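Engineer: One structure coming up, written as C-alpha cells, with questions to follow.
No lab work stands behind these numbers, since they all come straight from the coordinates. Treat the numbers as computed from the prediction; the structure is a model and nothing was measured. Cβ placement follows ideal geometry from the backbone for every residue including glycine, while neighbour counts extend to all protein chains displayed.
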Amino acid sequence: MANIVIIGMQWGDEGKGKIVDLLTEYADIVVRFQGGNNAGHTVVVGKEKIILHLIPSGALYPEKKCVIANGVVIDPMVLLEEINELQKRGYFTQEEQLMVSEDAHLIMPYHKSIDLARERLKGAGKIGTTGRGIGPAYEDKMAREGIRVGDVLEEEVFREKLKSVLALKNVFLESCLQDKGFDFEKVFQEYWGYGQRLKKYVGNSSVFVNAQIKQGRQILFEGAQGTHLDVDHGTYPFVTSSNTTAGGACTGAGVGPTKITEVIGVSKAYTTRVGSGPFPTELKDATGEKIRELGREYGATTGRPRRCGWLDIPLVKDAIRLNGLGGIALTKIDVLSEFSTLKICTAYQYRGQLLEEVPSSVRALEECIPVYEEVPGWKAPLQKCRRFEDLPRETRDYVRRIEELTGTEVMLVSVGESRDETILRRNPFRRDVPPTR
Ligand code: IMP
C-alpha cells in the first residue's frame with residue numbers, strides 16, 4: 001500500500017493538477033491539506049478543461065473520495081460554487097464523494113478586505129497576493145481568532161465568536177486600513193446559510209483518513225502552491241501563508257509522518273512565478289515572452305501573466321532537500337520544443353562566490369546571477385511520445401542532465417496537457433512494477 005504526497009517544486013503552477021488527476025487512478029482517496037482558493041488546478045479531460053480551486057483534482061473520478069482537510073482555509077461561497085459547477089458537468093453527483101474537515105478555518109469577508117487593503121497600502125512593496133483573503137485567514141488561525149467550519153454549524157457558538165471577532169476587525173478596517181467595516185447580522189446570516197448547505201459534507205477528516213489507511217486504502221495528498229512559496233522555507237516575505245512543503249501534509253491532514261510512503265515533486269521543464277519576489281532566471285525579453293505564449297502562462301486563478309525563465313537547478317535541489325523527494329514529475333517539456341538551444345541554471349554567482357544552494361535572504365537572492373549551461377534543443381513535437389525512448393535524443397539528454405544535476409530520478413515526463421500525453425517511467429503507487437529507464 002502507498003500513501004503519496006505530491007508537492008510543487010517551484011513557485012506554484014507546476015502542473016500538479018494534471019499529475020494528481022493522473023495518479024488518482026491508483027489512489028482511493030485524494031486529500032487537500034493546505035492553501036485555499038488562491039490555488040487553481042487545471043485538469044483536462046478529453047476536450048473539457050476544468051479549473052479547480054478548492055476541491056481536490058480527484059473529483060473527476062466518481063468512485064474516489066475527496067477530502068478537504070483541516071489545514072485548508074475555505075471560502076464557503078467558492079466551495080459551494082465549485083460543487084455546483086462540477087455537478088452541472090455531471091461530476092460529484094454523490095454527496096459521500098466529498099468530506100470537509102470540521103476543523104478547517106473559514107475565509108470571512110473581512111479577510112478579503114484586509115488582504116486587498118494591505119496590498120493597496122503597501123504600494124510598490126506589495127506581495128502580489130491573489131487577494132482571496134488567504135493570509136489574514138491564516139493569521140486569525142494562529143491568533144486563535146479564526147472561525148472554523150464546525151463553528152458555523154452551531155448557532156450560539158457562531159454568534160458569540162463572530163460578535164467578538166467582528167468588533168475587532170471593524171476597528172482595524174475602519175481606523176487602520178481606512179476601509180469599510182461589516183454588519184454583524186448580514187455576515188452572520190450569510191455564513192449560517194453556507195453552513196447549512198455544507199453540513200452534509202462535514203466530518204472529522206483525520207479520523208476518516210487514518211481509518212482508511214488502516215484498512216489498506218491508498219491516499220494521495222495533493223499539495224497546492226509550491227515549495228518556494230512555503231511560509232517557513234520559501235522566498236519570505238514573498239510567500240503564501242501556509243506550509244506548502246511535505247510536512248504540511250501531516251499537520252494539514254492530521255496524519256503521522258510514518259504513514260507517508262513517498263513524496264513526489266512536480267517541476268516544470270522551465271520556471272515561472274506569479275506575484276512579486278526574486279526570480280534569478282527570469283527572462284524579461286523576447287525569449288521569456290515566447291515561453292509565456294507557448295506555455296500559455298497566465299494564472300488559473302487571477303489571469304495574471306506569469307513571469308517566465310529557464311530551469312533553475314538550485315531551486316529544484318532545494319525542493320528535493322526540503323521535501324525529501326523520491327522522484328520528479330517533469331511537466332510542460334513540450335513547450336521547449338520551439339527553441340534550438342536551451343539553458344539550465346546550475347548555480348548562482350553571488351558577490352564573487354559560486355552558490356549551489358538558494359540563499360535564505362531575498363536580498364541576496366535578488367543579487368544572484370545565474371550560471372548557465374547551454375544545451376541543444378530538439379525542435380520536434382513531443383505530444384505523441386508515450387515511452388521515454390520515443391523522445392528525441394536531445395530531449396532524453398535534457399531529462400538525464402536534470403537527473404545528473406539533482407541526483408534524483410525523473411519518474412514522469414509530461415508532454416502535453418491531456419492525461420494520456422504522459423510518459424510514466426515509474427508509478428509510485430505500483431511498487432510491484434519495475435521502472436523503465
Ligand atoms: P496569497 O497566497 O494569495 O497570499 O499570495 C501570496 C503569494 O503566493 C503571491 O505571490 C501569489 O501570487 C502566490 N500564490 C498563491 N497561490 C498561488 C498558486 O496557486 N500558484 C502560484 N502562485 C500562487
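Engineer: Out of 116, 429, 8, whose Cα points farthest toward the positive end of the dipole of the chain (charges: +1 Lys, Arg; -1 Asp, Glu; placed on Cβ)?
Structural biologist: So the residue furthest toward the plus end is 429.
Engineer: Sort 319-326, 348-355 for me by packing, meaning the mean count of neighbouring Cβ atoms within 10 Å per residue, highest on top. Could the numbers behind the result be given before it?
Structural biologist: On the way: 319-326: 21.1, 348-355: 13.1.
So the peptides 319-326, 348-355, ranked by packing, come out 319-326, 348-355.
Engineer: In bins 10 Å wide, starting from 0, what share of all Cα pairs of the range 15-59 does each bin hold, as a percent?
Structural biologist: Each 10 Å bin holds this share of Cα pairs: 29, 59, 13.
Engineer: Under a 5 Å amide H to amide H cut-off, with H placed in plane at 1.01 Å, what residues pair with residue 128 once short-range neighbours are removed?
Structural biologist: Here 276 satisfy the definition.
Engineer: Out of 240, 310, 280, whose Cα points farthest toward the positive end of the dipole of the range 211-312 (charges: +1 Lys, Arg; -1 Asp, Glu; placed on Cβ)?
Structural biologist: Toward the positive end, the furthest listed residue is 240.
Engineer: Within 12 Å, Cβ to Cβ, of residue 221, how many net charges do the neighbouring residues add up to if Lys/Arg are +1 and Asp/Glu are -1?
Structural biologist: +1
Engineer: In square nanometres, what is one fourth of the surface area of the convex hull spanned by the alpha carbons of the range 371-429?
Structural biologist: Averaged projected area of the range 371-429's Cα convex hull equals 4.9 nm².
Engineer: OK, next. Over the alpha carbons of the range 105-200, what is the largest minus smallest coordinate on each principal axis, giving the biggest first in Å?
Structural biologist: 44, 25, 21
Engineer: Now a separate question. Sorting check: for 56-64, 424-432, 170-178, 36-44, which peptide has the highest mean count of neighbouring beta carbons within 10 Å, and how do the rest follow?
Structural biologist: Values: 56-64: 20.1, 424-432: 16.4, 170-178: 13.7, 36-44: 23.6.
Per-residue mean Cβ counts within 10 Å order the peptides as 36-44, 56-64, 424-432, 170-178.
Engineer: Points 7 angstrom from Cα along the Cβ direction at residue 393 and residue 78: gap in nanometres?
Structural biologist: Taking the two extended label points, one gets 4.8 nm.
Engineer: Moving on to the next point. Rg to Rh for the chain: what is it, with Cα atoms only and Rh by Kirkwood?
Structural biologist: Value, to two decimals: 0.97.
Engineer: On to the next question. Which pairs in the list 112/290; 122/169; 126/180; 180/268; 16/290 are over 31 Å apart, alpha-carbon to alpha-carbon?
Structural biologist: 112/290; 180/268
Engineer: Using packing as a proxy for protection, rank 191-198, 131-138 so that the peptide with the highest average count of other Cβ atoms within 10 Å comes first.
Structural biologist: Result, highest mean Cβ count within 10 Å first: 131-138, 191-198.
Engineer: For the range 196-261, take the alpha-carbon Rg, divide it by the Kirkwood Rh, and send me Rg/Rh.
Structural biologist: When Rh is taken as the Kirkwood radius, the ratio is 1.07.
Engineer: About the Cα centre of the chain, how large is the charge dipole given +1 on each Lys and Arg Cβ and -1 on each Asp and Glu Cβ? Please answer in debye to the nearest 20.
Structural biologist: On the way: 59 positive and 60 negative charges, 99 e Å.
Once rounded to the nearest 20, the dipole reads 480 debye.
Engineer: Any idea what the dipole of the range 105-200 comes to, in debye rounded to 20, about its Cα centre with Lys/Arg Cβ at +1 and Asp/Glu Cβ at -1?
Structural biologist: Rounded to the nearest 20 debye, it is 360 debye.
Engineer: Could I ask something else about it? Once you have the alpha carbon radius of gyration of the range 227-383, what is it after dividing by 2.2 N^0.38 Å, with N set to its residue count?
Structural biologist: 1.09
Engineer: With N set to the residue count of the range 282-326, report its C-alpha Rg divided by 2.2 N^0.38 Å to two decimal places.
Structural biologist: In units of the 2.2 N^0.38 Å rule of thumb, it is 1.42.
Engineer: Please name whichever of 51, 74, 196 sits farthest to the positive end of the charge dipole of the chain, dipole taken about the Cα centre and charges placed at Cβ: Lys and Arg +1, Asp and Glu -1.
Structural biologist: The listed residue farthest towards the positive side: 51.
Engineer: If amide hydrogens are placed 1.01 Å from N in the peptide plane, which non-local residues have theirs closer than 5 Å to the one on residue 35?
Structural biologist: For residue 35, whose amide H was placed from the backbone, the distant partners under 5 Å are 73.
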